[in-house]
There are 2 protein chains.
Amino acid sequence: MKARLVDVAREAGVSPKTVSNYLNGYPFMSERTTERVRAAIDKLDYVPNQSARTLRTGKIGIIGVALPNLQAPYFGELAALLTEAAEQRGYTLLIDQTGGDLDRELRAVRGIGPQALDGLILSPLKLAAEDVSAARDAQPLVVLGEWTHPAGVPYVGVDNVAAARAATQHLLSLDRRRIAAIGTISDTPRGTWGVRITGYRDALTTAGLATDERLEPRVANFHFDQGASAMSRLLDLPERPDAVFCFSDMLAIGALSVLHRQGVRVPDDVAVMGWDDITQAQYAWPPLTSVRAQTDVVARTAVDYLLRQIDDQPIEQTDQYVDFEIVVRDSTIGRAA
Amino acid sequence: MKARLVDVAREAGVSPKTVSNYLNGYPFMSERTTERVRAAIDKLDYVPNQSARTLRTGKIGIIGVALPNLQAPYFGELAALLTEAAEQRGYTLLIDQTGGDLDRELRAVRGIGPQALDGLILSPLKLAAEDVSAARDAQPLVVLGEWTHPAGVPYVGVDNVAAARAATQHLLSLDRRRIAAIGTISDTPRGTWGVRITGYRDALTTAGLATDERLEPRVANFHFDQGASAMSRLLDLPERPDAVFCFSDMLAIGALSVLHRQGVRVPDDVAVMGWDDITQAQYAWPPLTSVRAQTDVVARTAVDYLLRQIDDQPIEQTDQYVDFEIVVRDSTIGRAA
C-alpha cells in the first residue's frame, strides 16, 4: 500500500505539519528533524502528492534557470551552485539551455510550458531590456550577467568594469607594457565583452599607455578555439605582446596551447590571464591567473530574490553586485612552462 | 492585439493545421515551410497557447534529462547535444542536476512535479535497477550510461569493456609495458569504472602481462583533483609506470598537471590518455589522446526513444550501443611537452 503523509509523520515521530513543512522546503528546520523526516520518507518509499500540493499552495516547487551554454564550464559550475541553492530552499531547479539564441531566450522569458515553473532566473545573451520588461508579468524573474536590465527587475552580477581594470593593473604591476586583450566581439562595445574592454582600456589610459586596436583581436565567442586563433594572430604582429588578458579561462587555455606549440615561454615571454576561475584554471599549464567572482553568492542571492517574488515578499535592494578577486597563479608570476 | 494561430497561418501562407504541426514538432515538414512558419511567428510575436495544446494532446512539450553533474564538461556537452536533439523534434529540454545523489535520482525517476515533464532521460550514478523498474510507470523513460538497467527500459550507451580494451591496446602498441589505470573507485567493480577496469585488465592479460593493484590507484570520482593525487601516488612507486590510462579527460588533465610540475616528460617518460574527448582535450598540453563515443548519436537516439514512448510508437531495439574511436594525439605519440 502507498505510504501517506501521516505514515511518514508517525515513522519520524513528528507532526504531519512538520512533514508538510519539510516537503514545502520550509527553511527553519533543525538538521536532526530534517534527517528524521528524510529517513522516514526513504524507508516508507513515500511519494508526495504533488498535485495536492499545487492546489494548496498554487506552487509546484520548481524554478528554472535559462543559461546560454552548458558546454562552457563556467555555466556548468554556475548551474551546479544554483541547483544546490534551490535545493537548500526546498525547490527543484530545472535548467533550460538557450544556446544564446534569441528565439529560445524569448520563449524562456515568456514562460516555459503551462505552469511548468514557479519562476525563472535568466542569464541572457541576446535579449533586449524591452523584451524582459514586456515579459516580466509572465512569471517571477531574476536577471544575471553583464547586461542592461530594465529597472525594477532584480539583478545579480559583478562590476565588470572594475574587475577588468584590476586584472589589467595586475599585469601592469608586473611591468608588462604591451598588454593584449582577447575578447572583442564587434565594433560596438556591448554586453560582457563591452564592459570588460572598457575596464581594460581605462587601466591602460590611467597608466599613461595608449590603447592599440591590433592588441584587441576579434573573436566570435569566448571558447577555446577562438583564444587559440586570436593568440596566433597576436604572435604574427611585428611587435609581440608581453601579456594577454583573456576575457574567459577558455580563451586563455586556447591561447596557452598556441604559445606552447610555438615554444613561447609563459610567463617569461608572455604572461597570460583568464576570467571565471573555472576549476581547470588550476590544472592548466602553467596554472592560470584568473578573475574570480563570488559565484556561490550570485547563486544564493539569485535564488533568494526569486523565492521572495514567488512568496510576495519584499526585496530591499534589487541590484546586487558581488565581490571579485584576482587569483594569481604561475601563468603571470610563476616559473616558466 | 495578441496574434492567434490563424493569423500566423495567413502570414505564412499555410494552413492552420500546418502551423499546429509545427508547434507540435511534427517531424516531416519541409525546411522551407518550417522557415516560413517560424518567420511568421517571429513577425507577429505569436505565443502558442500552451494550456490549449496540453488539453488537446495531453502533452506539454517538455522533456527532462537527469544528469549527475554539469561541472563535468562531458555532461555539459551531452546536455547541449540533448537540448539540440529535443529542439529539432519540437520539444523543450529541461535539465535536472542530481549531483549523483540517490534521493534526487529517486525523485527524478518518480516524476518531477505535477505533469511538469512528458518524459525523462536518465543518466544515473546511484540508482539500482529495481528503483527504475518500480518507477517506470511514472513517466516515459530512457536510460543512459554504464549501468545495469532493467529489461524493457530503453537504453543507449557504449560498449565500455570493448572501448577500454581498445584504449589499453593503443598503449600496448606503443611498447608501453607498465600501464597504470586511474579510475578505480571501490573494491567491487561496478558502474562506469567497473566496466572500464574490466576492459583494461582484459587487454593486459591478453598481451601476457600481469595486472598489478599498485597500478590501479583509488579515486573518489573522475575530477581533476583526483587525477592529480592518483598521479602523485603513481610517481612515488619504486618502479614508475610508462603509461597512464585515465577513465576521464578530467582525470587525465589533473595527471598532466602533476607530471609537468615534477618535470616528467609526456609522452617520452609517461604516455597519458583520457576518456570522453571533451573539447579541452585538444587544448591540453600536450593535446590529449582520448576515447570518443558518438555522443551526438547517443543524444539523438535517446530523444527518439523517449518521444516514441510518449507517442505510443514501437521501439524495435531497446538496447542501443553506439560506436567509439580512439582519437590519437600528442600525449601518447607526439613530441614531448
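The values are calculated or read from the model by the stated rules, or taken from the named source; none is laboratory data. Values in this document were obtained by computation on a predicted structure and should not be read as measured data. Positions of Cβ are generated from backbone atoms using ideal geometry, with glycine treated the same way; all protein chains shown enter the neighbour counts.
Of all residues in the stretch B:298-315, those being at pLDDT 95 or above and surrounded by fewer than 17 Cβ atoms within 10 Å (Cβ to Cβ) number 0. Across the stretch B:198-219, not a single residue is classified as within 22 Å of the chain's Cα centre (by Cα) and of a type in the set (Asp, Glu).
Just one of the listed residues (A:292, A:300, A:329) is closer than 30 Å to residue A:137 by Cβ and either more than 16 Å from the chain's Cα centre (by Cα) or not aromatic (Phe, Trp, Tyr) (or both), and it is A:300. Out of the residues in the stretch A:231-288 that are in contact with a His (Cβ under 8 Å, 6 or more places away or on another chain) and not in a loop (DSSP other than H, G, I, E, B), which is nearest to residue A:219 (Cα to Cα)? Among those residues, the one meeting the criterion is A:251. Being farther than 30 Å from residue A:260 by Cα, β-branched (Val, Ile, Thr) and not in a loop (DSSP other than H, G, I, E, B) is the filter here, so list the residues in the stretch B:289-315 that pass it. Within the stretch B:289-315, B:297, B:298, B:301, B:303, B:310 qualify. The number of residues in the stretch A:87-97 being more than 9 Å from every other protein chain (Cβ to nearest Cβ) and either of a type in the set (Ser, Thr, Tyr) or not in a loop (DSSP other than H, G, I, E, B) (or both) comes to 2. Selection of the stretch A:189-217 for residues being in a loop (DSSP other than H, G, I, E, B) and farther than 28 Å from residue A:124 by Cβ yields A:207, A:208, A:209, A:210, A:211, A:212. Within the stretch B:5-25, take every residue that is part of a helix (DSSP H, G or I) and of a type in the set (Gly, Ala, Ser) and give me the one that is modelled with the lowest pLDDT. Restricting to residues being part of a helix (DSSP H, G or I) and of a type in the set (Gly, Ala, Ser), the top hit is B:20.
Looking only at the stretch B:303-311, decide whether some residue is touching a strand residue (DSSP E or B) at 6+ places or on another chain (Cβ under 6 Å), hydrophobic (A, V, I, L, M, F, W, C) and outside the structural domain of residue B:166 (by TED's automatic domain parsing). Within the stretch B:303-311, one or more residues are touching a strand residue (DSSP E or B) at 6+ places or on another chain (Cβ under 6 Å), hydrophobic (A, V, I, L, M, F, W, C) and outside the structural domain of residue B:166 (by TED's automatic domain parsing). For the stretch A:79-98, a residue qualifies if it is of a type in the set (Asp, Glu) and closer than 18 Å to residue B:83 by Cα, and exactly one does: A:96. Restricting the stretch A:63-86 to residues that are at the interface with chain B (Cβ under 8 Å from one of its Cβ atoms) and part of a helix (DSSP H, G or I), the residue that is surrounded by the fewest Cβ atoms within 10 Å (Cβ to Cβ) is A:84.
Just one residue in the set B:153, B:142 is outside any loop (DSSP other than H, G, I, E, B), away from chain A (no Cβ under 14 Å) and under 19 Å from the mean Cα position of the chain (by Cα); that residue is B:142. Look at the stretch A:71-88: where a residue is in the same structural domain as residue A:224 (by TED's automatic domain parsing), no partner that is surrounded by fewer than 24 Cβ atoms within 10 Å (Cβ to Cβ) sits 6+ places away or on another chain with Cβ atoms under 9 Å.
On inspection, residue A:283 fails the criterion of being among the hydroxyl-bearing types (Ser, Thr, Tyr), touching a residue at least 40 places away in the same chain (Cβ under 8 Å) and surrounded by 17 or more Cβ atoms within 10 Å (Cβ to Cβ). Looking only at the stretch A:207-228, which residues are surrounded by fewer than 17 Cβ atoms within 10 Å (Cβ to Cβ) and in contact (Cβ under 8 Å) with a residue 24 or more places away in the chain? A:207, A:209, A:218, A:220, listed by residue number. Among the residues of the stretch A:258-279, those identified as in contact (Cβ under 8 Å) with a residue 12 or more places away in the chain, surrounded by fewer than 23 Cβ atoms within 10 Å (Cβ to Cβ) and within 11 Å of chain B (Cβ to nearest Cβ) are A:258, A:260, A:279. Take the stretch B:179-188 and flag every residue that is surrounded by 15 or more Cβ atoms within 10 Å (Cβ to Cβ) and assigned to a loop (DSSP other than H, G, I, E, B). Correct list: B:183, B:185. If only residues of the stretch A:147-188 that are free of Cβ contacts under 8 Å to residues at least 40 places away in the same chain and acidic (Asp, Glu) are counted, the one that is farthest from residue A:124 (Cα to Cα) is A:175. Residue B:252 falls short on exactly one of the conditions (1) modelled with pLDDT under 95; (2) touching a strand residue (DSSP E or B) at 6+ places or on another chain (Cβ under 7 Å), and that condition is (1). Suppose the filter is more than 19 Å from residue A:308 (Cα to Cα), part of a helix (DSSP H, G or I), within 17 Å of the chain's Cα centre (by Cα) and more than 9 Å from chain B (Cβ to nearest Cβ); does residue A:105 pass it? Here the answer is yes, as residue A:105 does meet what is asked. Out of (1) under 15 Å from the mean Cα position of the chain (by Cα); (2) within 12 Å of chain B (Cβ to nearest Cβ), the odd one out for residue A:135 is which? Condition (1) is where residue A:135 drops out.
Quick check on the stretch B:316-337: of everything there that is modelled with pLDDT of 85 or more and in a loop (DSSP other than H, G, I, E, B), which residue is surrounded by the most Cβ atoms within 10 Å (Cβ to Cβ)?
Across the stretch B:316-337, the extreme among qualifying residues is B:329.
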